[in-house]
Amino acid sequence: MPGARTVSRGYSAVQTARLVSALRWVCGRLSEIVDAWASEAAAGSADAGAAAAVGMAVLSRRLAAHRGVLDGLQPDSERLSAWRQATPADESLAGALDGIAALEGLSERLAVARGVLVPQLLGAYRQIVAHAAPHCDGALASAAGSLGHDLDRMGHQPAGAGQPEAVETAAGILSAAGGIVGPSVLRPEDWDWSPSR
């Protein structure tokens, strides 16, 4: 039926465990990367480096706080113990973020943080809010909405024309790895979609 909207039953317990585990890992890893960049920027003597260091340190702390919020959402059932540890959605993502972490240059790193990392994570939060079902995913959707709002308030700069080459490179690396949180984790292939009435 044209224009028919489909709705999800919501994430299953296993899907929620995988998704939260992946988000916990990525927030922790991004916090580490940005914190390392902030430390290197602070070691520089230029005013621009000091300003960038402060901005990246703030972002690192926020990402660590996001990890803390997500830790509270991890299901603790014995049946879901395989996903208690924070793990990447896909092993290729770990290598992709290691590659991004090795980028050089203060302006390039700042542009990648604002133009790639923050928008990608914000996009993941927005997808969760869009696809979660209120009757079973209320806590997850509420947390994703709140964390997304927190990132949005920081301001970000979607990748586009006039950005350093590093932004395009980082975006390509993440795209090849399936994004900051794999699409099959955000919207599982076996999800049961049914037409809304």
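The values are calculated or read from the model by the stated rules, or taken from the named source; none is laboratory data. Not measured: the values here are computed from a predicted model. Positions of Cβ are generated from backbone atoms using ideal geometry, with glycine treated the same way; all protein chains shown enter the neighbour counts. Protein only, heavy atoms only, side chains kept; ligands, DNA and RNA dropped before computing areas. Shrake-Rupley method; radii C 1.70, N 1.55, O 1.52, S 1.80 Å.
Numbers at a glance
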read-out	value
Identity of the residue in segment 121-134, assigned to a helix (DSSP H, G or I) and open to solvent by less than 10 Å² (accessible area, probe 1.4 Å), that ends up farthest from Ala52 (Cα to Cα)	Ile128
In segment 154-192, the residues that are polar (S, T, N, Q) and at pLDDT 90 or above	Thr169, Ser175
Complete set of residues in segment 79-99 that are hydrophobic (A, V, I, L, M, F, W, C) and part of a loop (DSSP other than H, G, I, E, B)	Ala86, Ala89
Out of Leu97, Leu80, Leu73, sole residue that is under 17 Å from the mean Cα position of the chain (by Cα) and either open to solvent by less than 30 Å² (accessible area, probe 1.4 Å) or modelled with pLDDT of 90 or more (or both)	Leu97
Residue check, Ser21 among the polar types (S, T, N, Q), under 22 Å from the mean Cα position of the chain (by Cα), at pLDDT 95 or above and closer than 25 Å to Gly95 by Cα	no
Options Ala13, Ala101, Ala36: the member that is in contact (Cβ under 8 Å) with a residue 12 or more places away in the chain, in contact with a helix residue (DSSP H, G or I) (Cβ under 6 Å, 6 or more places away or on another chain) and of a type in the set (A, V, I, L, M, F, W, C)	Ala101
His149 open to solvent by 10 Å² or more (accessible area, probe 1.4 Å), at pLDDT below 90 and more than 18 Å from Ala102 (Cα to Cα)	no
Candidate set: segment 100-120, residues that are of a type in the set (A, V, I, L, M) and in a loop (DSSP other than H, G, I, E, B); chosen: the one least open to solvent (accessible area, probe 1.4 Å)	Leu103
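Results for (1) in a helix (DSSP H, G or I); (2) modelled with pLDDT of 90 or more; (3) at positive phi, shown as yes or no for each residue.
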site	(1), (2), (3)
Val7	no, no, no
Tyr11	no, no, no
Val14	yes, no, no
Arg29	yes, yes, no
Ala50	yes, no, no
